[in-house]
Structure formats: C-alpha cells, structure tokens
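The values are calculated or read from the model by the stated rules, or taken from the named source; none is laboratory data. Keep in mind it's a predicted model, so treat the numbers as computed, not measured. Cβ: placed from backbone, ideal geometry, glycine included. Neighbour counts: every protein chain shown.
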Amino acid sequence: MRINSYRVGLERLRKPLAGVTLVETMMAVALVAVFFVSIFEVNGLCLRYITSSKNNVAVLQGVQDRLEQLRNLSFANLTSASYVQSLMATPANGSEFLARSPTEVVTLSAYPTANASNTQITLSAGGSSATINSTDSNLATAKLVKVNVTYSWTEALGGRSRSEQSETIISAGTKK
C-alpha cells in the first residue's frame, strides 16, 4: 500500500499544473482586440457608404425638384434669367446636403437652335445667391426652351467628383 501511495505522489509531481500562462492570455487578448477593431472599422465603412448613398439620393431628388419648379413657372418667368436666378437662391428641397454641398447649374437655351448660346445660372456650394454666367438673346422669342439642371459635388467617401443632371424641353403653350 505504501508503494502505491508513493507512486501516486510522484505522478502528481510530474504532471504539469493545469492553467494558462501569461503569453497565452496576451495572445487571446490580442486576437479579441483585432476582432473588435475590425468589426468597428467595417461598421464605420458601412456608415460612410450609407451617408454617400443618402447624399446621392438627395441630389437626384434635388435635380427632379428643381426641374419641377422650372416646369411650373409661366413661360415668361422661365425665360427671364433674373427670375430663375432669384428662384435658385433657395435649395430645390429641404435636404440639408443640398443646402451646403453641391454646386447647382441651370442652363436654359432656345430649342432647336443652330448657335450654342445659352443662359447659364450657377448657385455655388453653400451659396445664398446665384450668379448669371451667360445669357441667350434667343430665349425671349423662343417657343421651346431646353432646360438642363446639373448638380456637382465632391464625394466624402473617396473624394471623387460626382455630378447628376437631367434636362427637359418646355413649350410656350398654355397649361391645362
């Protein structure tokens, strides 16, 4: 009996104690930290993509809203550069992004015409008043006017230049 208890005592001394070393603990902490840092970075990237998409939708809606504002004008007001200039002093809709970031350019030209003259009005980014860049003398006698609305801005994600535009032709006819 004594020999068996002696052997059991020696086996206990030879077996390493169960536990975790400091090196193993530090490696586990480092792995967990890398995991959480990568999760937070992916989350931040997704939020930037969402903001970018939201801005793109705001600009697209702004272009359409500005075209609708111009379509609803009387033809005399549409062909008046000063009237369109005063209309552009306010953003096309209530989007916070439209009020601070994009540059808006409205181009009006007699349609169809052989010369390349047009009336161009620009509202710079964050501006409160638009400027008339050029005027088309043919607008006063035109029966059709081509309207082009362009928004351009620098995207926060990647710093790329972006633009959105749409155009339509408006007739001098009567509205129903």
Exercise for the section: List every residue pair whose Cβ atoms lie under 6 Å apart, where the two residues are 6 or more positions apart in sequence or sit on different chains, the first residue falls within region 79-93 and is farther than 23 Å from Ala110 by Cα and polar (S, T, N, Q), and the second residue, located anywhere, is modelled with pLDDT of 85 or more and surrounded by fewer than 19 Cβ atoms within 10 Å (Cβ to Cβ). Expected result: Asn93/Asp65
Practice task
Can you give me the ranges of the helices (runs of 4 or more DSSP H) entirely in region 31-120 with at least 2 residues that are touching a Ser or Thr at 6+ places or on another chain (Cβ under 8 Å)?
Solution key: 81-87
Problem - Ser117 vs. criteria under 21 Å from Ala142 (Cα atoms), at pLDDT below 85 and surrounded by fewer than 19 Cβ atoms within 10 Å (Cβ to Cβ) - result: yes
Exercise for the section: May I ask you to verify whether Ser52 is farther than 25 Å from Ala156 by Cα, surrounded by 11 or more Cβ atoms within 10 Å (Cβ to Cβ) and of a type in the set (Ser, Thr, Tyr)? Expected result: no
Exercise for the section: Determine whether Leu10 is of a type in the set (A, V, I, L, M, F, W, C) and modelled with pLDDT under 90. Expected result: yes
Exercise for the section: Would you mind finding the one in Val84, Val42, Val105 that is of a type outside the set (Phe, Trp, Tyr), surrounded by 13 or more Cβ atoms within 10 Å (Cβ to Cβ) and under 29 Å from Ala156 (Cβ atoms)? Expected result: Val105
Practice task
Report yes if Leu108 is within 22 Å of Gln61 (Cα to Cα) and out of contact with any Gly (no Cβ under 7 Å at 6 or more places or on another chain), otherwise no.
Solution key: yes
Problem - Matching residues in region 127-176 - criterion: being among the β-branched types (Val, Ile, Thr), assigned to a strand (DSSP E or B) and either under 14 Å from the mean Cα position of the chain (by Cα) or closer than 18 Å to Gln85 by Cβ (or both) - result: Thr131, Ile132, Val145, Val147, Val149, Thr150, Thr154, Ile170
